[in-house]
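**Student:** I'd like to ask you about the structure that follows.
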Amino acid sequence: MTILDLMEADGLVPLRSSPDIGVLRATANAIAEAGLSTFEVTLRSEGAVEAIRVLAGEVEDLRIGAGTVLTDADAEAVVDAGATFVLSPTVVPGVAAACTDASVPYIPGCATPTEIQVALELGCQAVKLFPASSLGPGFLSAVRAVFPGLRAIPTGGLRPDPTSLDPWFDAGAFAVGLGSALFPEDGPNRLAETAAIVARARARD
């Protein structure tokens, strides 16, 4: 299966940022134990590239990706470290080119129809709708009328509960991306719970 096939099968792309490799290692293991296939490590913390290198070599059955990739140099660095997919909060042509050269899927952030069109013209096979909490499910419904078959991953401000996630899947979301809401500081992770919510939402279609 391709990375996008795995994302579609799971319906959930967990993401996390931390300067502590121990935290990221524990997160990766928890994601794998929950039966999920992908983990996005964002480049918002020092040492993220090296963390990707470590996790890519340690955690079997989990595809490690890189998020918040804003330059072609960063794209090349994370791919060299073992990232199997790359995301950005915006559409970055240089990152798209670097990922195309490496045959690694690039999922850029889009918030307008124009950005979606640019992403598709760059060869992107999926887009991240960011920030999802500002755009709302109605935006996805509207743009899918213009871009049939659009594979979109709403990310940013979503909560691990049906009132937050169900409307996105009703609107045609390919998967959803969640970060800090999955990993509360004062309790256990919410990976299995959220995966079940996603499965129920998709079963209603």
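Please treat every number below as a calculation from the coordinates, not as lab data. Keep in mind the model is a prediction, meaning the values are calculated, not measured. Cβ sites come from the backbone with ideal geometry, for glycine too, and all protein chains shown count toward neighbours.
**Student:** Be a star and scan region 35-59 for residues whose amide nitrogen sits under 18 Å from the point 7 Å along the Cα-to-Cβ vector of V23.
**Tutor:** Once the point is set 7 Å along Cα→Cβ of V23, 39-55 turn out to lie under 18 Å by backbone N, inside region 35-59.
**Student:** Here are a few candidate values for volume of the Cα convex hull per residue in Å³: [x] 108; [y] 153; [z] 143. Which one was actually calculated from the structure I just gave you?
**Tutor:** From the options [x] 108; [y] 153; [z] 143, the structure gives [x].
**Student:** Further question on the same structure: Using 0.36 nm times the number of residues separating A32 and S133, minus their current alpha carbon distance, what extension gain do you get?
**Tutor:** In short, 33.7 nm is gained.
**Student:** Follow-up question, since we're still on this one. Report the gain in length on full extension from T2 to R159: 0.36 nm times residue separation, minus Cα-Cα distance, nm rounded to one decimal. Please report the intermediate quantities before stating the final value.
**Tutor:** Values: separation 157, 0.36 × 157 = 56.52 nm, distance 2.68 nm.
Result: 53.8 nm gained on full extension.
**Student:** May I pose another question? Using amide H atoms built in the peptide plane, which far-off residues or other-chain residues are under 5 Å from G109 H to H?
**Tutor:** S88, T90, V91, K128
**Student:** Residue by residue through region 162-178, what is 3J(HN,Hα) from phi via Karplus (6.51 cos²θ - 1.76 cosθ + 1.60, θ = phi - 60°)? Round to whole Hz and write x for glycine and proline.
**Tutor:** x, 5, 8, 8, 3, x, 5, 5, 4, 7, x, 4, 6, 6, 10, x, 10
**Student:** Quote the FRET efficiency, to the nearest 0.05, computed for S141 versus S103 with a Förster distance R0 of 30 Å and r equal to the Cβ-Cβ distance. Don't skip to the end; give the middle numbers.
**Tutor:** Working: r = 32 Å, r/R0 = 1.07.
In this case the efficiency is close to 0.40.
**Student:** About the Cα centre of the chain, what is the dipole size in debye to 20, counting +1 per Lys and Arg Cβ and -1 per Asp and Glu Cβ, all else neutral?
**Tutor:** Once rounded to the nearest 20, the dipole reads 540 debye.
**Student:** I've got another one for you. Run lengths n ≥ 4 of DSSP H only: what is the helix-derived mean residue ellipticity at 222 nm for the chain, with -39500 (n - 2.57) per run over all residues, to the nearest 500? Don't jump to the answer; show the numbers that get you there.
**Tutor:** Numbers: 10 runs with 97 residues, N = 205.
About -13500 deg cm²/dmol.
**Student:** Summing +1 for each Lys or Arg and -1 for each Asp or Glu, what net charge is found among the other residues whose Cβ lies under 13 Å from the Cβ of A83? The partial results should precede the final answer.
**Tutor:** On the way: positive: R53, R63; negative: E40, E50, D74, E76, D80.
Neighbour charge sum, excluding A83 itself: -3.
**Student:** Using amide H atoms built in the peptide plane, which far-off residues or other-chain residues are under 5 Å from L178 H to H?
**Tutor:** Result for L178 returns V13, L15.
**Student:** Determine the relative contact order of the chain: mean sequence separation of Cα pairs under 8 Å and six or more apart, normalised by residue count, in whole percent. Write out the running numbers ahead of the final one.
**Tutor:** Values: 384 pairs, mean separation 36.7, N = 205.
After rounding, I find 18 percent.
**Student:** Note the full-extension length gain between E60 and A199 as 0.36 nm times their separation in residues minus their Cα-Cα distance, in nm to one decimal.
**Tutor:** 47.7 nm
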